[in-house]
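Report on the following structure.
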Amino acid sequence: MIKYIFCIATFIFSLFTFNYAEILNVVTDSDTALIKLNKVDIGISVVTNYKIKTGTYLLTVEDNGAEIYSELIEITNDQEVTTISIKLDNQLAKEVIDSKKQKQFASYALGKKGDLGLGFYMAPTSLSGLKLSYDIDPLTIQTIFWLSQSNTSRYFVGGIRFINYFNNQYTKHTLFRLYSGLGYIYGDLNGTIETNTEIPFGAEFKLRQQLPKAPIWSYLIFSYMALGYNLMASIDGLFYFVETGLTLTESTNNDNDYTGLKFALGLKYYF
């Protein structure tokens with residue numbers, strides 16, 4: 001009888017030990033670090049002698065509102081005390097790339113693209129058309145052109161721009177660079193001559209992650225807009241740009257004369 005009681009007691013004690021007898025220590029090098037276990041706060045800066053069951057847990061550390069550390073940890077019964085030391089400075093160094101590194105990565109990535117670019121240049125209140133560019137270091141030569149004619153209308157656009165790209169950046173989500181330059185665009189709209197003399201300033205960027213495609217039902221609501229979006233999402237390597245700058249617009253009938261800021265956007269693919 002005593003033998004059976006001893007065996008049962010030993011079994012119960014083993015179960016208790018297996019599930020509850022582990023100790024977790026978490027040590028950080030920040031006085032303000034908030035330590036969480038499965039998204040529940042368990043301490044600040046240092047946690048010692050925290051009783052924990054065996055199993056898998058998500059350990060996170062936040063500092064100044066930012067999540068610096070996140071890791072799945074395994075608590076087993078073969079190690080009574082689990083101690084984890086976290087140096088937040090090292091974690092930040094892994095997550096944040098300094099500006100010099102960003103420029104180096106960007107220059108390397110941009111060096112792999114082609115020199116010939118073809119895309120669309122859209123200026124809602126000015127002259128628009130197809131855009132063809134060619135990179136000749138350190139400048140890029142761009143031409144903007146369009147031609148359409150019918151019995152009742154004529155639309156012709158032709159222009160040239162000299163662009164200099166600078167401040168390349170390689171971020172978590174984009175490959176990004178700024179640009180500026182000089183440009184002249186000529187347009188003939190049903191006999192009305194319009195010219196744009198401009199100093200553009202803009203940003204060109206490429207998404208490093210593929211865009212999600214619009215669902216099929218969106219075709220019923222957005223029609224060609226949804227189709228165009230899905231076409232862009234399917235083409236890997238598209239560069240997009242948003243542009244402002246100074247422009248001087250002159251026309252033969254003076255109706256479109258304008259001096260001030262401009263706005264344009266578009267996309268381009270490099271070959």
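The values are calculated or read from the model by the stated rules, or taken from the named source; none is laboratory data. Being a predicted model, the structure only gives us computed values, none of them experimental. Cβ: placed from backbone, ideal geometry, glycine included. Neighbour counts: every protein chain shown.
For the stretch 177-202, how many residues are over 29 Å from residue 251 (Cβ atoms) and buried (at least 17 other Cβ atoms within 10 Å of the Cβ)? Number satisfying all stated conditions: 1.
Filtering the stretch 253-271 to residues that are of a type in the set (S, T, N, Q) and loosely packed, with under 14 Cβ neighbours inside 10 Å leaves 253, 254, 259.
The residue pairs whose first member lies in the stretch 98-126 and is over 23 Å from residue 271 (Cα atoms), whose second member is at pLDDT below 80 and hydroxyl-bearing (Ser, Thr, Tyr), and whose beta carbons are closer than 8 Å, counting only pairs six or more residues apart or on different chains, are 102/171. Among the residues of the stretch 234-256, is there at least one that is without any contact (Cβ under 8 Å) to a residue 24 or more places away in the chain and under 15 Å from the mean Cα position of the chain (by Cα)? No.
Only residues that are farther than 23 Å from residue 188 by Cβ and surrounded by 13 or more Cβ atoms within 10 Å (Cβ to Cβ) were counted in the stretch 134-161, giving 4. Within this structure, residue 3 passes the test of being of a type outside the set (Ser, Thr, Tyr) and modelled with pLDDT under 85. Does residue 167 satisfy the condition of being modelled with pLDDT of 85 or more and loosely packed, with under 14 Cβ neighbours inside 10 Å? Yes: the conditions hold for residue 167.
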